[in-house]
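A quick write-up on the structure given underneath.
The values are calculated or read from the model by the stated rules, or taken from the named source; none is laboratory data. Every value quoted in this text rests on a predicted model; they were computed, and no experiment measured them. No Cβ is skipped: glycine too gets one built from the backbone with ideal geometry, and neighbour counts run over all protein chains shown.
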């Protein structure tokens, strides 16, 4: 069951320059920055809280993969909406039983110690939806 929007992911070319814009123009504060290998592709993410949710700025040095492909094909912009769930394994199996396709076809380790599963964009009107479960 979905509990809330956890973050909105925005793909950017230059994380440092984008952080300057988001912090200066929108007066947001950086909560954390993390570098991670996501299914074989290096990403760098920054989280900026806004109300109960976050804006996640994400960049990569990879030319392929979920973020690299998006950046190459579409450029910078809104990439995904992350919905927090209480039981990612249960939701993953429920949605797979309905025929929903997932990027990678499995649950993976996300940033900040979370577990994530990304629904293919073709399933929900061209938008990637990331299911995220925070560590307990």
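A compact table of results
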| item | result |
| --- | --- |
| Within segment 8-35, considering residues that are in a helix (DSSP H, G or I) and in contact with a strand residue (DSSP E or B) (Cβ under 7 Å, 6 or more places away or on another chain), the one nearest to residue 111 (Cα to Cα) | 15 |
| Residue pairs meeting the criteria (Cβ under 7 Å; at least 6 apart or on separate chains; first closer than 20 Å to residue 125 by Cα, in segment 83-102; second modelled with pLDDT of 95 or more and in a loop (DSSP other than H, G, I, E, B)) | 101/120; 102/120 |
| Residue check, residue 67 surrounded by 13 or more Cβ atoms within 10 Å (Cβ to Cβ), under 11 Å from the mean Cα position of the chain (by Cα), in a helix (DSSP H, G or I) and in contact (Cβ under 8 Å) with a residue 40 or more places away in the chain | yes |
| Search result, residues across segment 108-136 that are in a strand (DSSP E or B) and buried (at least 18 other Cβ atoms within 10 Å of the Cβ) | 116, 117, 118, 119, 128, 129, 130, 131, 132, 133 |
| Residues satisfying the stated conditions in segment 77-106, i.e. under 13 Å from the mean Cα position of the chain (by Cα) and surrounded by 13 or more Cβ atoms within 10 Å (Cβ to Cβ) | 78, 79, 80, 81, 82, 83, 84, 103 |
| Residue that is modelled with the lowest pLDDT, among those in segment 36-64 that are in contact with a strand residue (DSSP E or B) (Cβ under 8 Å, 6 or more places away or on another chain) and not in a strand (DSSP E or B) | 39 |
| Output for segment 120-136, where each listed residue is in contact with a helix residue (DSSP H, G or I) (Cβ under 8 Å, 6 or more places away or on another chain) and more than 13 Å from residue 84 (Cα to Cα) | 127, 128 |
